[in-house]
Amino acid sequence: MSIKASLFLSAALFAVAAPAALLPAQAQDKPVTLRLGHWLPAQHPLQAGFTAWGAAVEKASGGTVKTQIFPAQQLGAAKDHYDMARDGVADLTYVNPGYTPGRFPVIAGSELPFLLANAKQGSAALDSWYRPYGQKEMADVKLCLTWAHDAATFHGKVRISKPDDLKGKKIRPGNATMARLVTMAGGVNVQVAAPEARESLERGTADAITFPWDSLFVFGIDKVAKLHMDAPLYVSNFVLVMNKASYAKLSDNQKKAVDANCNTDAALALAGPWADVEAAGRTKLRAMPDHEFVKPSDADMAAWRKIGDEMTKIWYDDVKKVGVDGEKALADLKAELKKRDSAAF
């Protein structure tokens with residue numbers, strides 16, 4: 001799907017989620033421009049999604065709330081985007097919680113292997129599940145949306161089909177949960193954010209990376225990583241968060257416009273077009289003769305699932321430290337995924 005098509009679809013979905021008639025403009029509302037910072041390149045499909053989200057807020061506010069987008073780490077490094085929203089460097093930011101290991105243990109549960117089958121309804125399930133936990137875990141910002149990218153896997157210069165293939169290999173993980181998997185399998189983690197992933201492969205500081213499919217093209221990684229494990233191993237989760245003071249300064253009408261676009265329907269509207277693009281990326285790569293897809297055997301998949309089971313037990317211990325019953329939380333997430341026909345288990 002092209003970015004233009006993605007923007008059109010996102011705008012249409014957001015329009016359904018937040019009709020303009022819901023929030024009539026108030027004469028006393030002062031115009032506001034919200035700065036939205038993210039670390040993706042401007043050609044990434046989510047740039048169109050953020051543009052559509054801002055357009056929906058603007059329409060719902062009667063034109064009094066506009067959004068100015070700063071892509072490509074213009075306002076700060078990828079790992080700093082949560083703190084940028086908390087501290088007011090930006091009004092809104094796009095955050096990968098997995099870039100700060102141990103800081104957001106509850107949401108990390110959605111990154112465990114073989115949970116989400118797709119990022120469309122799967123993102124809606126994730127958003128619905130995480131909202132009550134996020135109010136506490138991300139209490140120093142306003143949590144707006146939660147979603148995931150489509151199921152992803154290993155890509156690189158070495159063949160990977162089973163956990164033993166990671167032994168002694170240098171791997172760039174997409175989040176802290178995948179970093180744990182790499183360590184448990186005997187690999188060495190190379191911690192860099194997505195914008196630096198290609199460079200890590202080119203310089204040889206990484207042998208392989210975990211990444212969604214179409215994003216390989218967006219970041220130019222397809223020119224370096226030619227071997228791909230053909231299995232949907234994991235997802236990374238993301239949040240759109242807002243500075244609390246920025247929200248507090250809005251009029252009641254403007255707050256309603258933001259709130260009308262900070263819900264599960266809006267999460268689905270943002271994630272859906274991106275999920276389609278990522279899935280299409282896999283098809284595109286498969287048709288390229290210089291790329292090889294490595295299919296894990298049934299025994300290989302059983303080995304991955306065994307590590308996944310061990311990781312789940314460790315996650316239970318992680319969230320117990322913050323007062324969360326991990327077994328119940330994961331059961332609730334799985335129930336949401338099944339309800340929305342997006343479970344991979």
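Every number in this text was worked out from the coordinates using simple rules, so none of it is lab data. Note that this is a predicted model, so its numbers are computed, not measured. For neighbour counting, all protein chains shown are included, and Cβ atoms are generated from backbone atoms with ideal geometry for every residue, glycine included.
Odds and ends about this structure:
- Centre-to-centre separation between the Cα atoms of region 44-100 and those of region 206-231: 25 Å.
- Prolate/oblate/rounded label for region 38-127 (Cα gyration tensor, a/c 1.5): oblate
- Reach of residue 338 by Cα under 21 Å, taken over lysines that are not fewer than 8 positions away in the same chain: 120, 328
- Charge dipole magnitude, Cβ of K and R +1, D and E -1 - region 247-345, Cα centre, debye nearest 20: 180
- Legend: distances between Cα atoms for 59/256; 30/249; 30/256; 66/256; every pair falls at or below 21 Å.
- Membrane-span-like helices in the chain (whole DSSP H runs, Cα extent of at least 30 Å along the helix axis, mean Kyte-Doolittle hydropathy of at least -1.0): 264-286, 298-320.
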